[in-house]
Each structure stands twice: as C-alpha cells, then as structure tokens.
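Chemist: Structure below; questions to follow.
The values are calculated or read from the model by the stated rules, or taken from the named source; none is laboratory data. Not measured: the values here are computed from a predicted model. Here Cβ is always computed from backbone atoms with ideal geometry, including for glycine, and neighbour counts include all displayed protein chains.
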Amino acid sequence: MVSTVTFLCDPLLNDFGPSRPPLLVARALASRYWVRVVSLRVGAALRRRLREAGVDVLDLGIPAFPASPSVSYFLDWIATPLRSFGPRFPWAETGPVVNFSNTLLAPSDAWYVQGPMGEALQDIRPSLPPARALTLRLGLPAVNWWESSLLKRFQALTKVVVANSHYGSRLYESRGIRVAGVLPSPIDVEVFRPPRETPSADYVLAYLGKETDLEALRLLARNHVPLKVFGGKFSGDLGFGPDLGSRIERLPWLDDGQLARLYGHARFTVFPFTTEPFGYIPLESMACGTPVLSYAKQGPAETIVAGRTGWLARDREELVTWAAHLWQQGSPGPEMREACRKRALPFGFPEIGRRWEALLTDPGSPWSWEAPGITRGPGLLKTPGRPGGAAGRSLP
C-alpha cells in the first residue's frame, strides 16, 4: 500500500515553467495520497495554494542568493552538491519520492528532467547585452562540464529518469543519461478553456520570453500582422523602433484567467522560438480553442497537429509567410477550435496525474506518453488546411 508521495522541488516562488509540473501533479494526487512537497524555499502564495489543495509543504528555508531570480537559481544549481542527501534521506522510507529538482540531490524513485541547464543558457544568449553574451559563451564549456558531473550524480540516486518530451529525452540521452519514458508537463484545462462567447479574432497572440525568436516578431510586424505580446521573462528593449513598435501591443502581467481569455479571443497564436524542449504556450492556446503557428521541431512539433490544431513551419521565412497568409484568410472555423480543445485535454493535470500514479504504483504499466511523428504543415503554395474552413489517504 502506498500512502505518501514526496516531491522534491526547486524554489517554488511562482507557478511558471518548471514549477508547474510538481504543483499540478501534487494537486492531482492529493485526493488519494498524502502528498508532501519539499523545496529550498516556498513563496507564501504557493504555500497557501498547496495547503488549500491538501498538500503538505516543507520549506527547507535555504535563503536565496542576493541576485535576480534567474541568477539566484543558477547559483542554487551550482551549489547543488552542498545540499545532497545520502542513504539516510529522511523521507525515503515513507513512500515514493519524485525529484522534480535540479538543485536537491537525494535518493528518488523517479527524477523528472525538463531541459539541461547548458541548453537553457545557450538559448538565452541572443537576448543578452553583448558583454554578458560573450561572458556566457566563454563560460559555457565549464557549465557543460559541471552539468555532466551533476547529471551522473542525479542518475545514480534515482530508479528511473522521466523527461517532459521526446525531444528532451533525446537531449539527455545524448549526454549519457538513460531516460525510461516521457510524461508531458501538465496544464490546467479548467482554467485554460475556450470562451463562452464567440471569439473576437481581431489580433494574433505571441509570447515574449528569453527563448523567443525576436527577429521573427520583427518580421511579423513588418508584414502588418497585428500582434498582442505577453510574457514577463523578457525586460529588455525589443529594438523594433517606433515604426514597428506601434504595430505591437506589449501587454502587462496577466494572471492565468486573463491569459486564458486572451488566448481564446486570438485569431491564432504564433510561437517562434530558438529552443523549446516542451512548450506550454501551444498547449495553453489549444486548450482555449485557438490554433498555433510554430516551428516543425522540438517540443511544439510533438503537441501541434499540423493542419488540424495549427501549422508547423520549416523556418522563420515560412512562418512569417504563413502568418501573413493566415491573417488574411480570416478566423479559423469552429471545427478547428474544437479540435484544438480536444487535443489539449489529455495534457490536463488529472490525466497526467493518473500516469504518474501508474508509474509510482506499477512501473510495468503503460505510463509513458507516446508522441505522434513530426509532421510538416501544408506547403506554402497551398491554402492552409483547416477542417470546415488528504490525511490518511492510501491506495493499493
């Protein structure tokens, strides 16, 4: 009988990116297990939300480094060996342990990997000022050496390694880490859902982050595609100038409810990226009934179904051409919006939580998620294809 599940987490200060899987999976399992979340530090708002969901929270109280959140996390990662737990790990005997962390070394039944640090740092180089970009380029060999050492230590302390996408799995396999299977990062399909009213479809939505292909956004603006841009991870100047800047509406911080409404009323979401092992943006958009235009590679190519829930471009030029064409074509039909919602539902946290439950209670069960093959969108010379135009809980 399994009665307790322990999740080890990186600092839980918001519910963005890597923090979302443990938060949502904990919610999914909390009605049937006693779930404990252990983290270096936990923000007050997330602690309250977890406890309201019936999840125990253990904040180790390790103070943050006096730096920006991104730099502080990097330093937490560098200091990981100083926070390692050996065989006498205090929660090892209470039930399954899942390590969602890159900053806590401890024995676990599963370690969830969401993208190598070296890849992430390489990814943000184009968004940095020249001097910092050069420093990062010079330091990457040392980072990659350190990461190789840490990956081996994490793997030695876990029974199985689980990746968030098949592309991510290949990244870790290329570093000598054997990945047992894939469980996508979940989304909240109750928050991200289609609007009740008819979508206005009078704008195109885009995300702005450190992994965004900024040149693609500039080209979209030059091609008169009206963009609303959201995202709080990029604070620099886009370098568009007054002529292009007037064609792009840069939105303030939005909560998930506001963001869901923004997705739902867009004509389509465009997601140009540099590197993306998984990609929340396409799934959140599809959950709200809005198709996505992105690149036919990496994580987004595993979730977007070309011609049914969006379009997959081979490169930046094709993406920009498609975006201008799709804007002129008008709103997607209701069948495409329905197909988007249907595609996103299996990524909801209840379904992903059931797969985690299967892994933890019966590792021989078919818990791993299979992705469809990568497909190209219709050619540029064809019209875009779219249909119809808590306590004491236990389990065996």
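Chemist: Can you tell me which residues in the stretch 170-195 are touching an Asp or Glu at 6+ places or on another chain (Cβ under 7 Å), over 13 Å from V113 (Cβ atoms) and aliphatic (A, V, I, L, M)?
Modeler: Result: I187, V191.
Chemist: Would you tally the residues in the stretch 286-306 being crowded, with 24+ Cβ neighbours inside 10 Å, part of a loop (DSSP other than H, G, I, E, B), in contact with a strand residue (DSSP E or B) (Cβ under 6 Å, 6 or more places away or on another chain) and not hydroxyl-bearing (S, T, Y)?
Modeler: So the answer is 2.
Chemist: Taking the stretch 196-225, which residues are basic (K, R) and in contact with an Asp or Glu (Cβ under 8 Å, 6 or more places away or on another chain)?
Modeler: K210
Chemist: Would you call D188 surrounded by 14 or more Cβ atoms within 10 Å (Cβ to Cβ), among the acidic types (D, E) and in contact with a strand residue (DSSP E or B) (Cβ under 8 Å, 6 or more places away or on another chain)?
Modeler: yes
Chemist: Still on this model: Which residues, taken from the stretch 243-285, are part of a strand (DSSP E or B) and of a type in the set (V, I, T)?
Modeler: Matches in the stretch 243-285: I248, T269, V270.
Chemist: Report yes if some residue within the stretch 112-132 is modelled with pLDDT of 85 or more, buried (at least 19 other Cβ atoms within 10 Å of the Cβ), assigned by TED's automatic domain parsing to the domain that holds E173 and touching a strand residue (DSSP E or B) at 6+ places or on another chain (Cβ under 7 Å); otherwise report no.
Modeler: Yes, the stretch 112-132 contains at least one residue that is modelled with pLDDT of 85 or more, buried (at least 19 other Cβ atoms within 10 Å of the Cβ), assigned by TED's automatic domain parsing to the domain that holds E173 and touching a strand residue (DSSP E or B) at 6+ places or on another chain (Cβ under 7 Å).
Chemist: Further, regarding this structure: Give, as residue ranges, the helices (runs of 4 or more DSSP H) completely inside the stretch 7-88 that count at least 3 residues that are outside the structural domain of D255 (by TED's automatic domain parsing) and under 22 Å from G348 (Cβ atoms).
Modeler: 20-29, 44-52
Chemist: Same structure, new question: Counting just the residues of the stretch 269-281 that are farther than 17 Å from R316 by Cα and of a type outside the set (G, A, S), which one comes out surrounded by the fewest Cβ atoms within 10 Å (Cβ to Cβ)?
Modeler: The selected residue is Y280.
Chemist: Of the residues in the stretch 186-229, how many are touching a helix residue (DSSP H, G or I) at 6+ places or on another chain (Cβ under 7 Å), of a type in the set (K, R) and part of a loop (DSSP other than H, G, I, E, B)?
Modeler: Residues meeting the conditions: 2.
Chemist: Still on this structure, I have one more. Take the stretch 141-197 and flag every residue that is over 22 Å from the mean Cα position of the chain (by Cα), of a type outside the set (D, E, K, R) and not assigned by TED's automatic domain parsing to the domain that holds L29.
Modeler: Of everything in the stretch 141-197, just one residue is over 22 Å from the mean Cα position of the chain (by Cα), of a type outside the set (D, E, K, R) and not assigned by TED's automatic domain parsing to the domain that holds L29, namely P195.
Chemist: Same structure again: Could you say whether any residue in the stretch 164-173 is crowded, with 22+ Cβ neighbours inside 10 Å and either among the aliphatic types (A, V, I, L, M) or touching a Ser or Thr at 6+ places or on another chain (Cβ under 9 Å) (or both)?
Modeler: yes
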